Number of protein chains: 2
Amino acid sequence: MPGRDAPAPDHLRSLIGAARDGDRGSVARLISLVERGGADATAAVAALHPHTGGASTIGITGAPGSGKSTLTSRLVARLRQEGHEVGVLAVDPTSPFTGGAILGDRIRMQDHAVDAGVFIRSMATRGHLGGLALATPQAVRVLDAAGKPWVILETVGVGQVEIAIASEADMTIVVVTPGWGDGVQAAKAGLLEIADVLVVNKADRPGVADTVHDLAGMLDLAGGGQAWRPPVVETVASEGRGIDELWDTVLAHHAFLRSDGLLETRRRARLRAELRAILLARLQVDLDERLDGERFEQVIERVASRELDPYAAADELVAVR
Amino acid sequence: MPGRDAPAPDHLRSLIGAARDGDRGSVARLISLVERGGADATAAVAALHPHTGGASTIGITGAPGSGKSTLTSRLVARLRQEGHEVGVLAVDPTSPFTGGAILGDRIRMQDHAVDAGVFIRSMATRGHLGGLALATPQAVRVLDAAGKPWVILETVGVGQVEIAIASEADMTIVVVTPGWGDGVQAAKAGLLEIADVLVVNKADRPGVADTVHDLAGMLDLAGGGQAWRPPVVETVASEGRGIDELWDTVLAHHAFLRSDGLLETRRRARLRAELRAILLARLQVDLDERLDGERFEQVIERVASRELDPYAAADELVAVR
């Protein structure tokens, strides 16, 4: 099978060693390696895995224009102020571009470009098998193994894929803006479901009180007897307002997660989902190999001529696997 | 297996007979049947399939607020003016509601509520296995078998799922509005890729010339030597302006599709995708059965303790299947 030759274990070991010693180039190369998938990625994940588990991860999601990037940048600055190193993965499933080349990435880099304690990377591998659902946890693993105590997963959009990715963190921050109350109820419910912390950004705009009230009402409806009620934090990220309060909230949730085994519960649920995704990706490869042949075309022909219906055709294709 | 008792063939035959005789209740019941999935759906599809192939399908997609629903309503009126019956499936993958109960549905119904020649149905089965990717072609099959010569698939949003669904038609209309040029380039490219016809709706607003120019530029970039260059039609759906031109364009594309075997090529590609989705859904059921047990939890435990990495864990789980 092409690409099945694993990289020399020595090479991988020295790459991981360099990444753990703080070499940014090695971190970047490792992320590229796990993003590409295949045997190289498998070998890298195997070598990285024993070094992981130390990073706390934060997912940040919200509608386009809610100021997520600015908020992320401020949160990174706050983490740096505390002396913590930070890794940031900016995930955009709608973009075909990955790596460090996209505009958003360059904008994000500006504030932290000369800070060796911050590693920022864009991911946008929508074409991949298993896609970002598989690539994101591996990239987090690289930053975790490289010793970043904090890793932020920022998603660019707010679709189902983005929500799924942002919720692949220990803690998820959902960013809204005043006027958000006008949005579609179902989409709001989906966001609220995954929120550990709610941020009303651009809180210097009109309507902030209504939005906070709206969120409180939805939280009242959702949460009877929860041990953690998502706090609502008002920020003006562009001016740095509310960031201290957000940081305190992050720390409070961090302590809460560790207090009652919830962190381990969440991480195990993520491992289950990841394992399922790995197995599903393999099944899809098998399936596509089976569906690439003369026999499949003959069955399609019979469905097209109405001799077979699609479900009977599926039965036939499975019977001769 | 629960739900594996197929409905009595006689009952199905009479339901399909009534649907083909124009009974709306039977059409609705058949769609509910295929939406629910399981053995009932399989039996219904088998019974419907021989009666299909006569319907021409149009997908309509575009950003929220682009006026898709109004445009769809106008197009339905135009089709009725020509004496054609029409089926409309309004698909919203972000909504948990399905059937005829949602607000959007009632709004859409208003113009055509008393017209027996129009059948409108909302679909929003995001929770389903295989989801709308599987349910939509089956619902189209019901309307096709019921003798609707035209079926419109209107999607509410513009995410990847919606684009995929709208492109599951013989012809796809993409609706934009003036000012669309300010959007994200990648998202635009994804929409343009599937467009057979481009509509600039709300063409009484400022910026329409820029938008038309922008689209023409993107089409120039995309299409060297294509047999069909997507026409750009300006409409003001709220006033019915441009609908005649849109209808002429639909007919022109309709004729084009039939002229060189392209229609059959497209329909076969859709059948391939549908068969793949059916098989994949079955594999997922098998997978989830395998992942629901003590052995899986033991493997997760070993991954959590860093004894196994996720890919090695996947190998183990596959080995003992």
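What the table shows:
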quantity: Cβ-vector label at 7 Å, B:G179, separations to other copies in nm; calculated: 1.0
quantity: Compactness of the stretch A:276-319, expressed as Rg and Dmax over alpha-carbon positions, Å; calculated: 12.2, 37
quantity: Cα extents of the stretch B:205-321 along the three principal axes, largest first (Å); calculated: 65, 37, 33
quantity: Order of B:E289, B:E264 under a 10 Å beta carbon neighbour criterion, fewest first; calculated: B:E289, B:E264
quantity: Other-chain or far-sequence residues with amide H under 5 Å of A:I60's (modelled H); calculated: A:L153, A:E154, A:T155, A:I173
quantity: Residues B:S73, B:S305, sorted so that the one with the fewest Cβ neighbours within 10 Å comes first; calculated: B:S305, B:S73
quantity: Sorted by Cβ neighbour density within 10 Å, fewest at the top, the residues B:E154, A:E162, A:E316; calculated: A:E316, A:E162, B:E154
quantity: Contour minus Cα-Cα distance for A:R258 and A:R80 (0.36 nm per residue); calculated: 61.9 nm
quantity: FRET E, pair B:E289, A:R268, Förster distance 30 Å, beta-carbon r, rounded to 0.05; calculated: 0.90
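No value in this document is a laboratory result; all are computed from the given coordinates. All of these numbers come straight from a predicted model, not from anything done at the bench. Neighbour counts are summed over all protein chains in view; Cβ atoms, including those assigned to glycine, are modelled from backbone coordinates with ideal geometry.
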